[in-house]
Protein chains: 2
Amino acid sequence: MTEPFSFRLIKTDGAARRGEFVTAHGRVQTPAFMPVGTQGTVKGLMPDDVRTTGAEIVLGNTYHLMLRPGAERIAALGGLHKFMSWPLPILTDSGGFQVMSLSDLRKLDERGVTFRSHLDGAMVALSPERAIEIQALLGADISMQLDECLRLPASAEDIARAMELSLRWAERSKRSFESHAREGHALFAIVQGGDDLALRTKSARELTNMDFQGYAIGGLAVGEPQEVMLKVVAETAPILPAERPRYLMGVGTPHDLIEAVKRGIDMFDCVLPTRNGRHGMAFTRFGAINLANARHAADPRPLDEQSPHPAARTYSRAYLHHLTKANEILGQVLLSTINLAYYQELMAGMREAIAGRKFSEFQAAAVAQWDRGDLPALSS
Amino acid sequence: MTEPFSFRLIKTDGAARRGEFVTAHGRVQTPAFMPVGTQGTVKGLMPDDVRTTGAEIVLGNTYHLMLRPGAERIAALGGLHKFMSWPLPILTDSGGFQVMSLSDLRKLDERGVTFRSHLDGAMVALSPERAIEIQALLGADISMQLDECLRLPASAEDIARAMELSLRWAERSKRSFESHAREGHALFAIVQGGDDLALRTKSARELTNMDFQGYAIGGLAVGEPQEVMLKVVAETAPILPAERPRYLMGVGTPHDLIEAVKRGIDMFDCVLPTRNGRHGMAFTRFGAINLANARHAADPRPLDEQSPHPAARTYSRAYLHHLTKANEILGQVLLSTINLAYYQELMAGMREAIAGRKFSEFQAAAVAQWDRGDLPALSS
């Protein structure tokens, strides 16, 4: 029998939390970073290679999968885990964010949103109930409520309206989720309210009263400065129930991750490590490194010879530079892998630091290493 | 101490040969297929994944590597094996074929060829001696002489002139190679002569008199019908010394490989499995399968559940179709891997068949399976 979804807080250090959650497809240690598997694949990586980076859970995008190949198609093929040969947990978003960012001709009302597919121009309807149904068809371990996500800056009026609508959609999502209830699966709510702390507080309180299995903070990393994002996180996280996981959606850089964990966040997803990897950028203990830069052309050293991941230890900077300049697929694959491995190494470091109540020291050391910057270039 | 390069003929079945050659980086069982690592990478595959397909040797392209990152650069970085993290044997071509197919503004004379780089427009000179020097800098286990390669059809006069020039360049290549001699490394000559059997015979005889460590048949698979290619192979191979490996350059389809092995060829290279894989085509025991075709969209079956390679057994046709339609890198990576694994499976099957003197039966069974075609489509 499958265990029900559960979250356990193991240790805290200030506001930072070391925890674990259990799903139908296994356990996940938090703070956790979820690689993004947009279209049923973490771009360029075989599933085993995703696991080897240390990932215990990936994210799937409802918007993309509902349009192609279709949720009913994936269900008929045995669900998303089987479709993409990923046996560990999957969280799916609700599609709301991509409807905002990728489709045009949106029409939003109380019932839901109608939009034009970016693939074939077809008109598609998404409601809170349909978003839950799709995520059930995909077989998500963690489903997200449909919300209305705004770009910042936005007017106070728009932010309030979208937050209130998202609250009503949260209720409908919960009712719908309970009718599709599957053992070991969870539904998370999404706190909205833009950069307005009063609205964020109201959203968090009302969602908490509805009692979800986890809470996301959405509508951030959409154009606002980092300090605004961190301020919202710092004010919102303490209002959320301590015994539930907290997920900061779409964030972020390594620096964002540390600052958000410090403020009580347990889960993250972001396309940065894979997207930037496809464009020649490596994330490392020494900060971000642009492999397209000519200073790497003759450098025989690997990106990080102390990395726990073989790809970061094996291939020379000169080789990665060559692959990047030659626009070789393998360059994209290797840098995506190396970046995901660094993100996981960073999360593991934070987990260990929190467990030992040394989060401040960990942060200081990590930031100091970034600030010292990359290894000095070799004279050629 | 490194063993010298050697070739051993283990068994024959008709004209088909089962053999083994030994290089500074290990042994290779023949007939062998060499995946093409054009720019220092078998496109999209990590080196370990190339090995897992069963490949024991890869090909590197002198033309591409001399232009970017440069042969001296690779030598300074420890050679091509280290650069691309491929510990097994590497054969490099001489650059002649790509000069013909990729560069414009060629000027060819007795000394060599001058051409304009397709990358930056720089004028670059390649002579028989420089081609050998470059391949020594790369650290190739097997180097190829520079030759003049024509597109077919070509005039009898042009074919004769190019063949005679290639013979003189073979002599110069050999002298140059001997001055760079490295234990365990070999130089192969290239038989030219287009579709003129008398010229092919003259080329093969004169090269044999010069005594190379292996012999390639070049200037084929450049536009002529398959029967012309096979006729040239059938006439040329028996003239070459039995105790030296024979390499048919740039060939080919699975059917080409079987027909050429039957006529006494030991080694092949071709971009088809990786290039076609990047465009949604799979090579399988059931023939070529176009994954972009809608008939695969709902098909839960793998490409070949009896394949020795996990990628061909694991991912559904529906998933591969989805990745192909969505233009996902992973689709290119998986199909390239699956295709290389099928090519290696085919070579292993031929080796076993020759050893058991059952080559005709093997060929009949393989061709019958291709002719029966793919599994019937599922009704959807």
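The figures follow:
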{"item": "Summed buried accessible area for A+B [probe radius 1.4 Å, Å², rounded to 100]", "result": "3000 Å²"}
{"item": "Euclidean distance between Cα centres, the stretch A:239-275 to the stretch A:290-318, Å", "result": "28 Å"}
{"item": "Kirkwood Rh, Cα atoms: Rg over Rh of the stretch A:62-219", "result": "0.97"}
{"item": "Inter-part distance where the stretch B:9-67 and the stretch B:116-180 are each reduced to a Cα centre, Å", "result": "21 Å"}
{"item": "Approximate shape of the protein assembly as shown as ellipsoid semi-axes (Cα gyration tensor, √5λ), whole Å, largest first", "result": "56, 29, 21"}
{"item": "CD proxy at 222 nm, helix term only [per DSSP H run n ≥ 4: -39500 (n - 2.57); per residue of the protein assembly as shown; nearest 500]", "result": "-12500 deg cm²/dmol"}
{"item": "Total charge dipole magnitude, the protein assembly as shown, about the Cα centre, Cβ charges on Lys, Arg, Asp, Glu only, Debye to nearest 20", "result": "360 debye"}
{"item": "Calculated over the stretch B:170-290: convex hull of Cα atoms, volume per residue (Å³)", "result": "129 Å³"}
{"item": "Delta accessible area of at least 40 Å² on complex formation, residues of the stretch B:313-340, 1.4 Å probe, chain isolated as reference", "result": "B:TYR315, B:TYR319, B:HIS322, B:GLU328, B:ILE329, B:LEU330"}
{"item": "Rg over Rh, two decimals, the stretch A:48-112 (C-alpha only, Kirkwood Rh)", "result": "1.06"}
{"item": "Most mobile listed residue (A:MET267, A:MET123, A:MET347) in chain A, GNM with C-alpha springs under 10 Å", "result": "A:MET123"}
{"item": "Debye, to nearest 20: dipole size of chain A, +1 on Lys, Arg Cβ, -1 on Asp, Glu Cβ", "result": "440 debye"}
{"item": "Per residue solvent-accessible surface (Å²) - the stretch A:198-239, probe of 1.4 Å", "result": "39 Å²"}
{"item": "Binned Cα-Cα distances of the stretch B:222-275, short to long, each 5 Å bin given as a whole percent", "result": "4, 20, 33, 25, 13, 4, 1"}
{"item": "Built amide H within the under 5 Å cut-off of A:GLY19, gap 5+", "result": "A:ILE10, A:THR30"}
{"item": "Among B:ASN327, B:GLY139, B:LEU126 - extreme Cα towards positive end, dipole of chain B, charges at beta-carbon", "result": "B:ASN327"}
{"item": "On Cα atoms only, tilt of A:226-236 relative to the major axis of chain A in degrees", "result": "50 degrees"}
{"item": "Copies compared at B:ILE239 - label distances in nm, ascending, label defined 7 Å from Cα in the Cβ direction", "result": "8.7"}
{"item": "Förster radius 41 Å - calculated FRET efficiency between A:ASP104 and B:ASN293 (Cβ-Cβ, nearest 0.05)", "result": "0.85"}
{"item": "Accessible-area value, A:ASP211, 1.4 Å probe, nucleic acids and ligands omitted, Å²", "result": "80 Å²"}
{"item": "Out-of-range pairs (alpha-carbon distance over 29 Å; input B:LYS43/B:LYS358; B:LYS43/B:LYS174; A:LYS43/A:LYS174; B:LYS82/B:LYS174; B:LYS82/B:LYS262)", "result": "B:LYS43/B:LYS358; B:LYS43/B:LYS174; A:LYS43/A:LYS174; B:LYS82/B:LYS262"}
{"item": "Mean projected area (nm²) of the alpha-carbon convex hull when chain B is viewed from all directions", "result": "18.4 nm²"}
{"item": "For the stretch A:4-104: rounded, prolate or oblate by the Cα gyration tensor [a/c cutoff 1.5]", "result": "prolate"}
{"item": "Acute angle (nearest 10 degrees) that the helix B:359-372 long axis makes with the longest principal axis of chain B, alpha-carbon atoms", "result": "50 degrees"}
{"item": "Karplus (6.51, -1.76, 1.60) ³J(HN,Hα), θ = phi - 60°, over the stretch B:325-331, in Hz, Gly and Pro reported as x", "result": "5, 7, 6, 7, 3, 4, x"}
{"item": "Choice from A:LEU67, A:LEU207, A:LEU91 showing the highest fluctuation, given a GNM over chain A with Cα pairs closer than 10 Å", "result": "A:LEU67"}
{"item": "Label geometry 7 Å along the beta-carbon vector: B:LEU9 inter-copy distances in nm", "result": "7.9"}
{"item": "Max mean-square fluctuation residue, GNM over chain B, Cα-Cα springs under 10 Å, options B:PRO273, B:PRO89, B:PRO69", "result": "B:PRO69"}
{"item": "Evaluated over the stretch A:312-380, the Cα radius of gyration and Dmax, each in Å", "result": "15.5, 46"}
{"item": "Potential lengthening between A:ARG168 and A:ALA76 on full extension [0.36 nm per residue; Cα-Cα distance subtracted]", "result": "30.0 nm"}
{"item": "Across the identical copies, how the B:ALA377 labels are spaced - nm, sorted shortest first, 7 Å along Cα→Cβ", "result": "5.6"}
{"item": "Among A:LEU220, A:ALA234, A:HIS279 - extreme Cα towards positive end, dipole of chain A, charges at beta-carbon", "result": "A:HIS279"}
{"item": "Stretch gain in nm, segment B:HIS279-B:ALA125, where the contour uses 0.36 nm per residue and the Cα spacing is subtracted", "result": "52.1 nm"}
{"item": "Within the accessible area of the protein assembly as shown (1.4 Å probe), percent carbon and sulfur", "result": "50 percent"}
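The values are calculated or read from the model by the stated rules, or taken from the named source; none is laboratory data. Please read all numbers here as calculations on a predicted model, not as lab measurements. When we count neighbours, we look across all protein chains shown, and the Cβ atoms used for this are built from the backbone with ideal geometry, even at glycine. In case anyone asks, the SASA skips ligands and DNA or RNA and just uses the protein heavy atoms, side chains included. Shrake-Rupley method; radii C 1.70, N 1.55, O 1.52, S 1.80 Å.
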